[in-house]
Amino acid sequence: MTQQQAHALEIKALNNIPLVQSGDDLVELIIDALQNDSLNLRDGDALVISSKIISKSEGRVVDLKTVTPSQSAVSLAQETRKDPRIVELVLQESTMVSRTAPGVLVTQHRLGFISANAGIDQSNVGHDPDLILLMPDNPDLSAGKIRDRLHERLSVQVGVIISDSHGRPFRMGNIGVAIGIAGMPALVDLRGQQDLFGRELKISLQAYGDLVASAAHLVCGEGDEGRPVVLVRGLDYEAVTGSASVLNRPPEQDLYR
């Protein structure tokens, strides 16, 4: 990867992506949206895709009426003042509980990242208040399949990021993060390069996937915008396999967990 960053980026949310249902072919929906917007994918482009539509297409919607909470979930629900059925799903999707407080349940997701409620969401799922959306089962794999299908259909090599919105310790508000990635690096090691004054960079690691995801979130929105796919053009990255798991800080380096 050349470390010279692009001087200008084009960031455009695709229009006319319909409400995604279980089993929908996201690649065909993306191609249709590109055609409707008179856009052609180019080699080196990146697509940032909301985790919500990945989860919906993969059937990761759960009806809370089918969930029976365990005693552990009931106890934790009393502590956090949350629906015990939701807490049960959070525990099933998590490997450990990090922090709890009234209204707060932060866990380590089975994919390795730390987030509130294991990334479980009820927004933009449907009118039924008992429907809830889990994170994609394997976002890296999902991103890779989409990238491969786009190459088959359009003969282009693009990067694909599956994005979600996460909060951060000590900072207010959410930002976009990469939970799945294919065809581009998630983390870029800048150590060994020089700053403007010739000093060697010693500790600089760039969360490249998160930076691209956050840029895309500026145009995709998180409410009723209905823009879950964003085209990012003008990036300068090396076409690598990529994995979002490298963005998870190892426990032995984590002072806040």
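The values are calculated or read from the model by the stated rules, or taken from the named source; none is laboratory data. Keep in mind the model is a prediction, meaning the values are calculated, not measured. Ideal geometry is used to build each Cβ from the backbone, glycine not excepted, and the neighbour counts take in all protein chains shown.
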**Item:** Qualifying residues in the range 70-98 (those that are out of contact with any Lys or Arg (no Cβ under 9 Å at 6 or more places or on another chain) and basic (K, R)) - the one surrounded by the fewest Cβ atoms within 10 Å (Cβ to Cβ)
**Value:** R81
**Request:** Please enumerate the residues belonging to the range 62-91 that are charged (D, E, K, R) and without any contact (Cβ under 8 Å) to a residue 60 or more places away in the chain.
**Result:** E79, R81, K82, D83, R85, E88
**Request:** Assess whether L205 counts as being modelled with pLDDT under 90 and in contact with a Gly (Cβ under 9 Å, 6 or more places away or on another chain).
**Result:** no
**First in the range 49-61 and at negative phi, second anywhere and basic (K, R), Cβ under 9 Å, 6 or more apart** = S50/R227; I54/R60
**Item:** From I179, I175, residue being modelled with pLDDT under 95 and part of a strand (DSSP E or B)
**Value:** I175
**Request:** Return only the number of the condition from (1) assigned to a helix (DSSP H, G or I); (2) in the same structural domain as D236 (by TED's automatic domain parsing); (3) charged (D, E, K, R); (4) touching a strand residue (DSSP E or B) at 6+ places or on another chain (Cβ under 9 Å) that E28 does not satisfy.
**Result:** (4)
**Subset of the range 212-221 (residues that are surrounded by 17 or more Cβ atoms within 10 Å (Cβ to Cβ) and either closer than 18 Å to V158 by Cβ or not assigned by TED's automatic domain parsing to the domain that holds S165 (or both))** = V212, A213, A215, A216, C220
**Request:** Have a look at R99, R153, R147 and point out the one that is of a type outside the set (A, V, I, L, M) and in a strand (DSSP E or B).
**Result:** R99
**Message:** One residue is enough: does the range 117-136 have a residue meeting the conditions in contact with a Ser or Thr (Cβ under 7 Å, 6 or more places away or on another chain) and surrounded by fewer than 17 Cβ atoms within 10 Å (Cβ to Cβ)?
**Reply:** no
**Fill in**
Residue set G126, G112, G144; condition at pLDDT below 95 and under 30 Å from I31 (Cβ atoms); output residue G126
**Request:** Within the range 239-248, work out how many residues are surrounded by 14 or more Cβ atoms within 10 Å (Cβ to Cβ) and assigned to a loop (DSSP other than H, G, I, E, B).
**Result:** 5
